[in-house]
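Notes follow the structure.
The values are calculated or read from the model by the stated rules, or taken from the named source; none is laboratory data. Predicted, not measured: the structure shown is a model, and the values here were computed from it. Here the Cβ positions follow ideal geometry from the backbone for every residue, glycine too, while neighbour counts run over all protein chains shown. The protein model used for the area step is the full one, side chains on, heavy atoms only, and it has no ligands, DNA or RNA in it. Shrake-Rupley method; radii C 1.70, N 1.55, O 1.52, S 1.80 Å.
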Amino acid sequence: MAPTSPKDRPNRYTYAGAGVDIDAGNELVRAIGPLAASTKRTGSDAGLGGFGGLFDLAACGFKDPVLVAANDGVGTKLKVAIEADIHSTVGIDLVAMSVNDLVVQGAEPLFFLDYYATGKLHVDVARDVVAGIAEGCRQAGCALIGGETAEMPGMYAKGDYDLAGFAVGAVERDGILPRGDVQPGDVLLGLESSGFHSNGYSLVRRIVEDNRISYSAPFPHGDGASIGEVLLAPTRIYVKAMLKAIRETESVKAMAHITGGGFVENIPRALPEGVAAEIEGTSWAMPPVFRWLMELGGLEDAEMGRTFNCGIGMVVVAAEDEADKVAAVLTEAGETVHHIGHLTEAAAGEPRVLVKGALGSKA
């Protein structure tokens, strides 16, 4: 028997029937259009809907610019957001993790693109996420010029989604950090974090789950916020304060964004060979959420220091006689700044980061 022709077969299949809702995707684009427009800045019209995002670098006034790019995600902090049903802050995290990496090289973030992937698109959840992304872009002064939403049935568990973000910035060629004059005797300034930021959440979640704690339970050391709300405090974005300090003082030599690996792995990335950092752990107090997790999980000081930021999300290097000037500008810009140590000569075979006392152990 000869096969029937396509025109004789019943139309049993549709893209929607396979799990991809084009109408929902179009509804999301319409919903997030105003959010993207709210991030408009010089060089961009922050419009969505084209095949690519446009940015006019010449309009920004750079004379000899070098482009700097970074990308990152939010990690398993997303699982906390999904289980706590709080989706409005992880978008800020997504932007923060990339733009904070840009500014440590002296770069001004210019534009951002996001990637949102899920098994089934829920417009209200996705809009909350993108609202957070737009807020992060406003905090960083960059434009949300595009992105991609992917609905992929069978790839994700029910209710799950994933995020990735891509940021591009620019810096004048003679302003790239770290500078070449980073040396022993320079002072280390620490800018307070807003919590765990977006690192270490596989350990956070394991401890919470093993202790059978609900994310909706009140945080025991807070002002009525739930544990989920405290754990989802978004990553602090240091961009505007740091650019102000860089430009007004011309005294910032280097910076280190304290992410996964903590002080031990991130500070050496900003230092030349032969130079080490000596940290005074008693120079700041670890925030309550860190102490809570540390006690709940029985974590040792060393494990805390290699996994979390322990209350300091950005480290700034400045000459000893200029550090107070840099700290004053950062404080005026809204940052809480601590003198946390200094640079020394690196001894052969010794760690590049030496810690006196436990991190964040100020009484």
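Taking the stretch 232-255 as the range and being open to solvent by 10 Å² or more (accessible area, probe 1.4 Å) and among the β-branched types (Val, Ile, Thr) as the test, the residues that pass are Ile237, Ile246, Thr249.
Taking the criterion of being closer than 22 Å to Ala16 by Cα, assigned to a strand (DSSP E or B) and either open to solvent by 10 Å² or more (accessible area, probe 1.4 Å) or β-branched (Val, Ile, Thr) (or both), the only residue of the stretch 117-146 that qualifies is Thr118.
When Leu296 is tested against (1) touching a residue at least 24 places away in the same chain (Cβ under 8 Å); (2) surrounded by fewer than 16 Cβ atoms within 10 Å (Cβ to Cβ); (3) in a loop (DSSP other than H, G, I, E, B), just one condition goes unmet, and that condition is (3). Given the condition in contact with a Lys or Arg (Cβ under 9 Å, 6 or more places away or on another chain) and of a type in the set (D, E, K, R), answer yes or no: does some residue in the stretch 84-93 qualify? Taking every residue of the stretch 84-93 in turn, at least one turns out to be in contact with a Lys or Arg (Cβ under 9 Å, 6 or more places away or on another chain) and of a type in the set (D, E, K, R).
From the residues in the stretch 256-293 that are of a type in the set (Asp, Glu) and surrounded by fewer than 17 Cβ atoms within 10 Å (Cβ to Cβ), which one is farthest from Leu177 (Cα to Cα)? Walk me through it before giving the result.
To start, the set of residues in the stretch 256-293 that are of a type in the set (Asp, Glu) comprises 265, 273, 278, 280.
Restricting the remaining residues to those that are surrounded by fewer than 17 Cβ atoms within 10 Å (Cβ to Cβ) gives 265, 273, 278.
Working: Glu265: 18, Glu273: 15, Glu278: 21 Å.
So the residue we want is Glu278.
Looking at Ala46, Ala70, which one is surrounded by 14 or more Cβ atoms within 10 Å (Cβ to Cβ), at pLDDT 75 or above and in contact with a strand residue (DSSP E or B) (Cβ under 6 Å, 6 or more places away or on another chain)? Of the residues listed, the single one that is surrounded by 14 or more Cβ atoms within 10 Å (Cβ to Cβ), at pLDDT 75 or above and in contact with a strand residue (DSSP E or B) (Cβ under 6 Å, 6 or more places away or on another chain) is Ala70.
Return yes or no: is Arg173 surrounded by fewer than 14 Cβ atoms within 10 Å (Cβ to Cβ), of a type outside the set (A, V, I, L, M, F, W, C) and free of Cβ contacts under 8 Å to residues at least 12 places away in the same chain? So Arg173 does not fit the description; no. Scanning the stretch 197-227 for residues that are open to solvent by 70 Å² or more (accessible area, probe 1.4 Å), over 19 Å from Val74 (Cα atoms) and not in a loop (DSSP other than H, G, I, E, B) gives Glu209, Asp210, Pro218. In the stretch 147-194, the residue that is nearest to the chain's Cα centre (by Cα) out of those that are in a strand (DSSP E or B) and hydroxyl-bearing (Ser, Thr, Tyr) is Tyr161. Candidates are the residues of the stretch 310-327 that are open to solvent by 60 Å² or more (accessible area, probe 1.4 Å) and out of contact with any helix residue (DSSP H, G or I) (no Cβ under 6 Å at 6 or more places or on another chain); the one that is farthest from Asn100 (Cα to Cα) is Asp321.
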